[in-house]
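For reference, the structure discussed in these notes is given below.
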Amino acid sequence: MRTRWLAILALVALFAFSAGTSAAPAKPWTFGVSYQNLAFPYVAALQKAAQAACKALGVKCIETDAFNDADKELKNVESMLAQRINCLSFEATSLKASSASIIAANKKGVPVVQFNGKAEGGTWVTFVGSEQPESGVQLGVYLADLYKKLGKAKLRGIYLRGVAGQITDIARNDGLKNKLKGENLLDKISFVEQYADYDRGKGQSVTESLLTRDKTYDFIVANNDDMILGALQVVRQFKLTGKIRLAGVDGLPEALEAIQKGELDATVFQDPEGQGGGGIWGCYLHLSGVKLPKDILIPFKLVTKANVNEFMAIAKRVYVK
């Protein structure tokens, strides 16, 4: 099946090969693949997509998990470099600290393709992914629409943040607040912010603590779907479904199902096939002689009940059961 990542990169390859670039060499390649933290469902979906691409292309892939730790990430990368990988497909854990891994690959002459998490240091071939601030912007679009829909002078809510200092959480926070600022809504939409580490259980406990003290919030938004699904459990428990509106980010199957049921208002879908598979295809095309653009961007999409069905098929393909 032609997925979106294949279509995007195939167009690049078609153009490049038609211009006379060389085909892949006879000997097989080995790619190193570094993930942020496979405990996160979205990252596990990235892995499933990457593995499918490795199989489809007939390349050997050595995979490592950084557990969201830049020091462990560097050790993993150094270990893969010692195994003479031909290309590093890299999902950065940190905007700045992850540059050490990219620089280590640069020193060994190993090309780097970044996907999903993007570090700013070192030299890389291309970044295949989404601009994370845009996911926060889409949450801001949702809140701006909710403000108009509810017709109140002011809205109060809860904002569940991810891991403090983590690259994606910072980007999503910036995108959300910049969007509200641009809409002149910062004084009309306020929220209590709490970190819940992208974890469903922590999202549930933080929400339970806040709603036990005050059940009059208008909304809860979260920087990933696991946290918003944890919050949803508390909203159900307190019989506040429909009274407190909820939205998350990622497009997990459970979140999409909750939108279908009317329990969740929205999620911001990011495409794990495009990013996880694209990280492998980026390495393959670069080694094949294709000149890739510096960024291959896959847009975020705001998912509501009106369009949820079109995203369910993708989610069911790549999320681990």
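Quick note: the coordinates plus some simple rules give every number you see, no bench work behind them. A quick note: this is a predicted structure, and the numbers were derived from the prediction, not measured. Ideal geometry is used to build each Cβ from the backbone, glycine not excepted, and the neighbour counts take in all protein chains shown.
Roughly speaking, what is the stretch gain from K181 to K154, that is 0.36 nm per residue apart minus the C-alpha to C-alpha distance, in nm to one decimal? Please list the in-between numbers first.
Numbers: separation 27, 0.36 × 27 = 9.72 nm, distance 1.46 nm.
Separation in residues times 0.36 nm, less the Cα-Cα distance, equals 8.3 nm.
Starting from the Cα of K305, step 7 Å along the direction of its Cβ; do the same at K243; then give the gap between the two resulting points in nm.
1.9 nm
Restricting to Cα pairs below 8 Å that are 6+ residues apart, what does the relative contact order work out to for region 117-194? Please round to a whole percent. All intermediate terms of the calculation are to be shown ahead of the outcome.
Values: 81 pairs, mean separation 33.4, N = 78.
Contact order relative to length: 43 percent.
Counting only C-alpha contacts under 8 Å and six or more residues apart, can you give the relative contact order of region 132-269 as a whole percent? Display every interim value, and only then the final one.
Numbers: 255 pairs, mean separation 35.6, N = 138.
Relative contact order for region 132-269 comes out at 26 percent.
Within region 158-193, which residues have the backbone N less than 20 Å from the label spot 7 Å out from E131 along Cα→beta-carbon, could you tell me?
Under cut-off, by backbone N: 167-184.
Full extension from V192 to K215: what is 0.36 nm times the residue separation minus their Cα-Cα distance, to one decimal in nm?
Details: separation 23, 0.36 × 23 = 8.28 nm, distance 1.29 nm.
Gain on stretching V192 to K215: 7.0 nm.
State, as an integer percentage, the relative contact order of the chain based on alpha-carbon contacts under 8 Å between residues 6 or more apart. Write down the numbers at each step before the final one.
Numbers: 676 pairs, mean separation 72.3, N = 321.
Relative contact order for the chain comes out at 23 percent.
Given the pairs K294/K316; K96/K148; K152/K202; K72/K316; K149/K305; K72/K291, which span a C-alpha to C-alpha distance of over 27 angstrom in this model?
Details: K294/K316 30 Å; K96/K148 39 Å; K152/K202 30 Å; K72/K316 31 Å; K149/K305 15 Å; K72/K291 31 Å.
Where the Cα-Cα span goes over 27 Å, the pairs concerned are K294/K316; K96/K148; K152/K202; K72/K316; K72/K291.
May I ask for the distance between the Cα centers of region 144-175 and region 69-120, given as a whole number of Å?
Here the two parts' Cα centres lie 32 Å apart.
Between K60 and Q260, what is the label-to-label distance in nm when each label sits 7 Å out along the Cα-to-Cβ direction?
Here the answer is 4.2 nm between the modelled labels.
So how far apart, in nm, are the two label points at D145 and K72 if each is 7 Å from Cα heading toward Cβ?
Each label point is offset 7 Å from its Cα along the Cβ direction, giving 3.8 nm.
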